[in-house]
Structures are given as structure tokens and as C-alpha cells.
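To start, the structure itself, in C-alpha cells.
Read the figures in this text as sums done on the coordinates, not as results from a lab. Because the structure is predicted, anything quoted here is derived from the model rather than measured. Here the Cβ positions follow ideal geometry from the backbone for every residue, glycine too, while neighbour counts run over all protein chains shown.
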Amino acid sequence: MMNKQFLKQAQQMQARLAQAQTEIEQAKVEGSAGGGVVKVVMTGKQVLESVTISPEAAQDVELLQDLILAAVNDASTKVQDMVSKKMGAVTGGMKIPGLM
């Protein structure tokens, strides 16, 4: 009887994990730098989808490079935080190898 209950709980957790992974893959996160002068959109799979640059930023190439780097890093950090929160909500904070 204990085994059936454990198996049912494991199956429910597996279904919740699959749903969380789908939500993560479909999520989009915006990162920005320079007060919004550079904005990037990144998927939950950390694929960069778009870069938006204000015209005034294009006049200083070195500054522009730094702003793009900062915006991408900002988006990447936000994706990692989102993944940790979603997966943590499903696993109850347990660290499961290969998931996070």
C-alpha cells in the first residue's frame, strides 16, 4: 500500500516537473542596461531572441558593447532565477540532480 502511494506521488511530481519545464521553455524574459538604452529578450532556454538599441547608444561603440553585454547578463540572471523558482515550487526545495 505504501508503494502505491509513493508511486502515485512520484508520477504527480513528474507531471508537475514536465509542466514547469514547458512553461520555462515558453517563457520570455527581458534584460536591459543603461536605463533601457539596450534591451534584450531571452527565452527560458537562454536563447537570445531580440536586441533593441536606442540610436543614441550607437554613437559610442565601446559603451554599446558594454551595454549589450550587461543586458544579456541581466536577462540570463533573470532566466536562472525564474527556473529556480519554478522548479523549487515543484520540488519543494529539494535539489534533484539534472533539473537545476
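Here are a few things to note about the model shown:
- Per-pair calculated FRET efficiency, R0 = 22 Å: residue 80 and residue 53 via Cβ, rounded to 0.05: 0.35
- Relative contact order, whole percent, for the chain stands at 26, derived from Cα pairs under 8 Å and 6 or more residues apart.
- Residue-wise HN-Hα couplings along the stretch 49-64, as the Karplus relation 6.51 cos²θ - 1.76 cosθ + 1.60 with θ = phi - 60° gives them from phi, are 9, 7, 10, 10, 10, 5, x, 5, 6, 6, 7, 10, 4, 5, 5, 4 Hz; Gly and Pro carry x.
- Sites excluded, trypsin sites (Lys or Arg not before Pro) in DSSP loops with at most 16 other C-beta within 10 Å, longest stretch of the chain: 46-94
- 3J(HN,Hα) couplings calculated from phi for the stretch 29-42 with the Karplus curve 6.51 cos²θ - 1.76 cosθ + 1.60 (θ = phi - 60°) are, in sequence order, 10, 9, x, 8, 8, x, x, x, 5, 10, 10, 10, 10, 10 Hz; Gly and Pro show x.
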